[in-house]
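*Asks:* Supplied in structure tokens, the structure appears directly below.
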Amino acid sequence: MSVPYIYSVTETRLALSRLVTDLADGIHGPVILGPHGRPKATLLAWDLFDEMRDELSALDVLRAVPALVERLTHPSGASTTTVGVLTGATSSAEVRFWPDVVADLRDVVTLDVTEAIEAIATGELAGEPLEDGRLAGQWVWLLVTRATGTAPATGHYIIWRVADGQVELIAVLRASGGVTRAWQPAPAP
């Protein structure tokens, strides 16, 4: 007969913080714990892990809400142009945007992000609703990820709303390391 060991709050917090740090750094995925709380194996794909990734992604976007609210009080307001002018692509789809989006795109624009913005502007791509009482209007967001080989994925959130019947780009933000790690593809067998 074995006597179960009950971990203190401090021991549990230390064990979980190491696990979360290693997940974000790409050292391993979710672990299967064995006797005495020691990791026995890691998982590359797991339904609960997918759900955790999606929840973490939503939390990531909600953390940006205060900055998004500040953008809406920008004195110069929104402008309208084509996606091509905004991203350097050839698309002639029209989109409204806040001035800060130009600074966002200066560092992060990729083909994936450009194609997603075009699809959003033409109404071909839906997003997840962004529920927050501080935001007025119909707000949605989309996570665009890009993964190559076994390198950690890169991810960006495109956040927009529908205002006066037009799609209005609010932000294009880089996803956190925890989210992009979760989207990393499994290495080839």
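*Asks:* Apply 1/(1 + (r/R0)^6) to the Cβ-Cβ distance of Arg174 and Val85, taking R0 = 25 Å, and write down the FRET efficiency to the nearest 0.05.
*Replies:* E between Arg174 and Val85, to the nearest 0.05, is 0.65.
*Asks:* Ignoring solvent entirely, what values of log10 I(q)/I(0) come out of the Debye formula for region 50-182 at 0.09, 0.15, 0.20, 0.21 Å⁻¹ when each Cα is a single scatterer?
*Replies:* Treating every Cα as an identical point scatterer, log10 I(q)/I(0) equals -0.24, -0.69, -1.24, -1.36.
*Asks:* For Gln166 and Ala15, calculate 0.36 nm times their separation in residues minus their Cα-Cα distance, and state this gained length in nm to one decimal.
*Replies:* Extending this stretch completely gives an extra 49.5 nm.
*Asks:* Can you tell me how much longer the chain between Ala153 and Ala126 gets when fully stretched, taken as 0.36 nm per residue apart minus their C-alpha distance, in nm with one decimal?
*Replies:* My answer for the length gained is 7.5 nm.
*Asks:* I would also like to ask the following. How long is the gain from Arg63 to Val108 if the chain were fully straight, where each residue apart is worth 0.36 nm and the alpha carbon distance is subtracted?
*Replies:* Taking Arg63 through Val108 to full extension adds about 14.3 nm, to one decimal.
*Asks:* If packing is taken as the mean number of other Cβ atoms within 10 Å per residue, what is the order of 70-76, 57-63, highest first?
*Replies:* 57-63, 70-76
*Asks:* Right, something else. Compute the signed sum of charges (Lys and Arg +1, Asp and Glu -1) over the other residues within less than 13 Å, Cβ to Cβ, of Glu118.
*Replies:* -4
Read-outs: derived from the displayed coordinates by stated rules, not from any lab. Treat the numbers as computed from the prediction; the structure is a model and nothing was measured. Here the Cβ is made from the backbone with ideal geometry for all residues, glycine too, and neighbour counts use every protein chain on show.
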